[in-house]
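The values are calculated or read from the model by the stated rules, or taken from the named source; none is laboratory data. Everything numeric in this text was worked out from a predicted model, so none of it was measured. Note that we place each Cβ from the backbone using ideal geometry, even for glycine, and neighbour counts take in every protein chain shown. Ligands, DNA and RNA are stripped out before the accessible areas are found, and what is left, the full protein with its side chains, is counted by its heavy atoms. Shrake-Rupley method; radii C 1.70, N 1.55, O 1.52, S 1.80 Å.
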Amino acid sequence: MMSNLFSVFDPSTTIMNFSLNWISTILGVLFIPITFWFIPSRFHILWNKITLTLNNEFNTLLGENKHQGSTFLFISLFSIILFNNFLGLFPYIFTSTSHLTLTLTLALPLWLSFMLFGWINHMQHMFAHLVPQGTPSVLMPFMVVIESISNIIRPGTLAVRLMANMIAGHLLMTLLGNTGPSMSYYLISLLLITQIALLVLESAVAMIQSYVFAVLSTLYSSEVI
């Protein structure tokens, strides 16, 4: 029996005090058939089309001053978040992206590296970003403070956005599922239809949130170039 509502998200599978839940972060690799790496299958062609589309879009967002191969970083980021989001929809698989431990680990080093690169190599450009074009002279000190705060909280908003979206759907499905034993057969059929609809919605959220995380990271990096 759950001690509280959020206990479904707590790491609990352990062997000799070693948590096995976080193994789900790399579990997606095991679902890829071995033939994927040798024989161009339909899945291989589909994934190539997805990555090429993302590559073109990230190239557009980064602009002409981008570094060669920088889009591979964001495509890899999209892939790992997508795998973990989808694996969390399966029963008895720990959703690692529903914890700040993982989401902040992805967002904070990215943002920190962008900031260090920008301030070391393009300091004047970074100062210019603190004051939007056309700002009146009287409002410039306030805009610098506002822009600085909005820049500092970026890794937190990235991490919390992904975590909150993954938790919200899982909590709703858990709440509805726990009411099943006390329902009649007629209501259970409605509950199953609702749960299937929520599962489809969560699948869409899993894709959208991984895409949003990768796109926002790309936009943040394009500002420091």
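Which helices, taking whole DSSP H runs in the chain, have alpha carbons extending 20 angstrom or more along the helix axis plus mean Kyte-Doolittle at least 0.0?
42-62, 70-87, 100-121, 154-178, 185-222
Please state, as a whole number in µm²/s, the translational diffusion coefficient that the Stokes-Einstein equation yields for the range 147-225 at 10 °C and 1.306 mPa s, with Rh defined as the Kirkwood radius across alpha carbon pairs.
Answer from the Stokes-Einstein relation: 106 µm²/s.
Rank by packing, highest mean first: peptides 92-103, 170-181, 200-211, 139-150, with packing defined as the count of other Cβ atoms within 10 Å averaged across residues.
The most tightly packed comes first, giving 92-103, 200-211, 170-181, 139-150.
If you put +1 on each Lys and Arg Cβ and -1 on each Asp and Glu Cβ, how big is the dipole of the range 7-224 around its Cα centre, in Debye rounded to 20?
For this selection, approximately 240 debye.
With viscosity set to 1.306 mPa s and temperature to 10 °C, compute the Stokes-Einstein D of the range 24-139, Rh being the Kirkwood radius across alpha carbon pairs; µm²/s, no decimals.
After rounding, the answer is 91 µm²/s.
Roughly speaking, to the nearest percent, how much of the chain's 1.4 Å accessible area is carbon and sulfur?
Carbon plus sulfur share of accessible area: 73 percent.
Could you give P(r) for the chain, binned at 10 Å from zero, as whole percent values over all Cα-Cα pairs?
For the chain, the binned pair fractions read 7, 25, 29, 22, 12, 5, 1 percent.
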